[in-house]
Amino acid sequence: MTTRPIARFAGLGVAVPEKILTNTDFEKILDTSHEWIVERTGIRERHIADEDTSVAMLAEQASKGAMARAGIGPEDVDAIILGTATPDRLLPATACDLQALLGADKAVAFDVSAACPGFLYSLGVAEGFIASGLAQNCLVVGAEKLSTITDYTDRSTAILFGDAAGAAVVQPAEGDGRGVLSMFLRSDGKLAPLLYRPGGGACDPISTKVVEERSQYMKMAGREVFKAAVRTMAQACDEALTRAGVSADDIDLLVPHQANIRILEATAKHAGVPMDKVMVNVDRYGNTSSASIPLALDQAVAEGRIKQGSLLLLVAFGAGFTWGSAVVRW
Ligand code: ACO
């Protein structure tokens with residue numbers, strides 16, 4: 001059996017579109033208010049990509065940042081593993097477009113469809129590639145243009161989501177104890193109807209009916225998703241801590257998927273981590289799905305909240321239902 005850590009983070013990068021949509025902007029188009037949104041979600045603003053910016057382009061910017069920090073070039077990349085719920089096209093994978101943009105000609109490139117835990121799922125795949133000797137330098141990416149699948153006439157979902165990308169170069173651990181100490185991934189397909197895009201796929205291909213029903217956009221049973229999120233994030237925290245053989249007191253920073261401040265608070269409370277040790281930036285970006293964890297990691301590093309040797313608990317949940325977690329020695 002392979003001993004952990006197998007993989008470590010060698011560099012991070014992010015891409016955040018310039019355009020900002022504030023809660024006040026929503027007050028002009030929906031029956032909502034800044035106060036309601038802040039109280040129920042913690043979100044104040046989110047960034048939205050323009051029409052000409054593709055998911056691959058956001059991923060390219062984030063990847064270039066991560067590669068520069070890791071000191072590697074496109075020729076060094078062995079695998080591009082891209083978590084996304086909003087691929088640029090259904091065929092081929094957005095990771096292949098990213099490969100072409102980067103000129104990473106010797107890499108294998110593919111997408112991982114796991115919604116918000118897409119970055120953690122992709123990290124798990126990268127670990128497997130490294131453990132099996134298939135790859136040394138893996139580009140693990142979470143990139144989303146959720147604005148393209150958000151129904152801006154539906155106040156219960158429109159206010160939640162933003163666009164962004166985050167990337168990490170993941171390399172073999174160096175034997176100094178730094179890297180991914182534990183990982184836990186889980187899914188429950190029975191919960192799929194709580195959060196899904198009914199139309200536009202093979203079940204109900206794009207048609208006038210789909211467009212009239214607006215079923216190409218995300219549909220969500222908010223309260224049920226909320227409950228499932230709190231339950232699964234709690235389980236994920238427990239599993240990652242147990243598997244790493246550490247306790248909540250050992251954690252320097254909890255870095256949760258940024259969905260809703262109330263879900264973050266419930267998760268921290270269950271895990272036994274005080275809020276001053278929880279990374280929160282949902283107020284600035286909203287829910288950016290698979291980009292959310294690398295975006296939060298990058299900001300925490302920039303702010304000095306993560307230093308070499310810090311012990312981190314990463315945790316996420318999303319449509320599927322999918323959820324997962326990892327304990328990382330930075
Ligand atoms: N402004 C004002 N009122 C609103 C809004 C809004 N933007 N949205 C909903 N309401 C209303 C509802 O219509 C409802 O009104 P009613 O009582 O007259 O029927 C009332 O507020 C309460 O609605 P709830 O849905 O019970 O509100 P809740 O407190 O649960 O908050 C929310 C809604 C924010 C969506 C919450 O349920 C939530 O965050 N759920 C989790 C969502 C999530 O994280 N999804 C992402 C999953 S990750 C992925 O894979 C993409």
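The values are calculated or read from the model by the stated rules, or taken from the named source; none is laboratory data. All values reported here derive from a predicted model rather than from experimental measurement. In this analysis, Cβ positions are derived from the backbone assuming ideal geometry, glycine residues included, and neighbour counts consider all displayed protein chains. Side chains are part of the model used for accessible areas, which takes the heavy atoms of the whole protein and leaves out ligands, DNA and RNA. Shrake-Rupley method; radii C 1.70, N 1.55, O 1.52, S 1.80 Å.
Which is surrounded by 21 or more Cβ atoms within 10 Å (Cβ to Cβ) and not acidic (Asp, Glu), of Ala259, Ala202?
None of the others qualify; the one that does is Ala259.
Within the range 220-229, take every residue that is open to solvent by 40 Å² or more (accessible area, probe 1.4 Å) and within 19 Å of the chain's Cα centre (by Cα) and give me the one that is farthest from the ligand (Cβ to nearest atom).
Checked the range 220-229; the qualifying residue farthest from the ligand (Cβ to nearest atom) is Met220.
Taking the range 153-186, which residues are buried (at least 18 other Cβ atoms within 10 Å of the Cβ) and of a type in the set (Gly, Ala, Ser)?
Correct list: Ala158, Gly162, Ala164, Ala165, Gly166, Ala167, Ala168, Ala173, Gly179, Ser182.
If you go through the range 212-225, how many residues are in contact with a Gly (Cβ under 8 Å, 6 or more places away or on another chain) and free of Cβ contacts under 8 Å to residues at least 60 places away in the same chain?
Final tally of qualifying residues: 2.
Condition first: away from the ligand (no atom under 16 Å from the Cβ) and either closer than 18 Å to Ala114 by Cα or part of a helix (DSSP H, G or I) (or both). Now tell me which residues in the range 203-217 satisfy that. Please lay out each step first, then the result.
Initially, the range 203-217 is screened for residues away from the ligand (no atom under 16 Å from the Cβ), giving 203-215.
Passing the criteria: Thr208, Lys209, Val210, Val211, Glu212, Glu213.
Scan the range 149-203 for residues that are in contact with a His (Cβ under 8 Å, 6 or more places away or on another chain) and either outside the structural domain of Ala15 (by TED's automatic domain parsing) or not small (Gly, Ala, Ser) (or both) and report the count.
1
Can you pull out every residue in the range 110-134 that is of a type in the set (Gly, Ala, Ser), within 14 Å of Asp78 (Cβ to Cβ) and surrounded by fewer than 24 Cβ atoms within 10 Å (Cβ to Cβ)?
Gly128, Ala131, Ser132, Gly133
Taking the conditions exactly as written (open to solvent by 10 Å² or more (accessible area, probe 1.4 Å), within 16 Å of the ligand (Cβ to nearest atom) and at pLDDT 95 or above), does Glu239 satisfy them or not? Show your work before the answer.
On the way: open to solvent by 10 Å² or more (accessible area, probe 1.4 Å): yes; within 16 Å of the ligand (Cβ to nearest atom): no; at pLDDT 95 or above: yes.
Judged against the criteria, Glu239 is not a match.
Of the residues that make up the range 114-132, is at least one more than 15 Å from the ligand (Cβ to nearest atom), at pLDDT 95 or above, over 19 Å from Val328 (Cβ atoms) and outside the structural domain of Ala291 (by TED's automatic domain parsing)?
Within the range 114-132 (the criterion being more than 15 Å from the ligand (Cβ to nearest atom), at pLDDT 95 or above, over 19 Å from Val328 (Cβ atoms) and outside the structural domain of Ala291 (by TED's automatic domain parsing)), the answer is yes, since at least one residue qualifies.
Scan the range 48-59 and give yes if some residue there is under 30 Å from Gly200 (Cα atoms) and within 16 Å of the ligand (Cβ to nearest atom), otherwise no. Steps first, please.
First, pick out the residues of the range 48-59 that are under 30 Å from Gly200 (Cα atoms): 48-59.
Pick out the ones that are also within 16 Å of the ligand (Cβ to nearest atom) and you get 48, 55.
Yes, that holds for at least one residue.
Look at the range 1-38 and say how many of its residues are without any contact (Cβ under 8 Å) to a residue 60 or more places away in the chain and within 9 Å of the ligand (Cβ to nearest atom).
2
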